[in-house]
Amino acid sequence: MARTTVPYSSLLPNADIADPAGTATNAGVGNGHTIAKALPELTVLRLVAGATGGNVTIKAGQNPPAIAAAMGDLVVAVGNNATRWIGPFESGRFIQADGSLLVDIAVGFVAGTITAFKIPRNT
C-alpha cells in the first residue's frame, strides 16, 4: 500500500470554514500519508481515531534540507475514539528532500481520519 496524499484545508483570516471530513487513515509502517509541498511551520494536523487508536508518527526529514533530522521522529499516541491536534512543525526537523511531510499510522489504528490545516500568513 502506498502513501495517501493529504490535501491542505486552509484556515481563513477573519473568517470561518466548515469542518472538513478529513482523509481516511492508512495503517502500517511506510503506508500512512504525505503532505506535498508542505509548509511545516504553517501546518497543524487533526487526527481522529475510531474504535482503535494508536501511535501516529511524523517522520524526521532528510538532511539536507532538514538539518535537525537527527532529533528523530515525533510520535504521538492517539487514544480510542480520541482527537489530537499536532503541530505546527519545524522544517529543519521534518521536511523531506522533496518538500513533503510524511505521517505514519500505527498498524492497529482503525477507522480514523487525518486533516492537514494550513495556517494563513497575515501580512
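Taken one residue at a time, the phi angles of segment 53-61 give Karplus couplings (6.51, -1.76, 1.60, θ = phi - 60°) of x, x, 7, 10, 10, 8, 6, 4, x Hz. Gly and Pro are set to x.
Largest GNM mean-square fluctuation among Val75, Val48, Val103, using the chain with Cα springs under 10 Å: Val75.
Pairs of Cα atoms nearer than 8 Å and 6+ residues apart set the relative contact order; for the chain it is 41 percent. Between Arg3 and Arg84, the modelled labels are 1.8 nm apart [label points 7 Å from Cα along Cα→Cβ]. Computing FRET efficiency as 1/(1 + (r/R0)^6) for Val44 and Ala111, where r is the C-beta to C-beta distance and R0 is 22 Å, gives about 0.50.
Can you tell me how the chain classifies by the Cα gyration tensor, rounded, prolate or oblate, using a/c under 1.5 as the rounded cut? The shape class here is oblate.
For the chain, carbon and sulfur atoms together expose 56% of the accessible surface, with a 1.4 angstrom probe and every protein chain in place. Please list, in order, the residues from segment 80-99 whose amide nitrogen is less than 19 Å from a point placed 7 Å along the Cα→Cβ vector of Gln62. In segment 80-99, the label zone of Gln62 (backbone N under 19 Å from the point 7 Å along Cα→Cβ) covers 90-99. For the chain, modelled as a GNM whose springs connect Cα atoms under 10 angstrom apart, the maximal fluctuation among Ala60, Ala69, Ala21 occurs at Ala21.
Could you check what % of the DSSP bridge pairs in the chain are antiparallel, to the nearest 5?
Of the beta bridges lying entirely in the chain, close to 80 percent run antiparallel.
This model, with +1 at the C-beta of Lys and Arg and -1 at the C-beta of Asp and Glu, gives the chain a dipole about its Cα centre of some 60 debye.
What is segment 1-47 by shape, rounded, prolate or oblate, if you read a ≥ b ≥ c off the alpha carbon gyration tensor as root eigenvalues and call it rounded for a/c under 1.5, prolate for a/b larger than b/c, and oblate otherwise?
In terms of gyration-tensor shape, prolate.
Each residue of segment 32-39 was assigned a 3J(HN,Hα) from its phi angle through the Karplus curve 6.51 cos²θ - 1.76 cosθ + 1.60 (θ = phi - 60°); the sequence is x, 9, 10, 10, 6, 6, 6, 10 Hz, with glycine and proline shown as x.
Contour minus end-to-end for Ala97 and Ala70, with contour as 0.36 nm per residue of separation and end-to-end as the Cα-Cα distance?
Contour length minus Cα-Cα distance gives 8.3 nm.
With Cα atoms defining each centre, segment 78-123 and segment 1-59 are spaced 5 Å apart in the structure.
Counting only heavy atoms of protein chains, what accessible area per residue, in Å², does the chain have with a probe of 1.4 Å?
On the way: 6360 Å² over 123 residues.
Accessible area per residue: 52 Å².
With a 1.4 Å probe rolled over the protein heavy atoms of all chains, the accessible area of Arg3, Arg93, Arg121 falls in the order Arg121, Arg3, Arg93, largest first.
The values are calculated or read from the model by the stated rules, or taken from the named source; none is laboratory data. Note that the structure is predicted; figures quoted are calculated from it, not measured. Neighbour counts are summed over all protein chains in view; Cβ atoms, including those assigned to glycine, are modelled from backbone coordinates with ideal geometry. Calculation scope for accessible area: heavy atoms of the full protein, side chains included, ligands and nucleic acids excluded. Shrake-Rupley method; radii C 1.70, N 1.55, O 1.52, S 1.80 Å.
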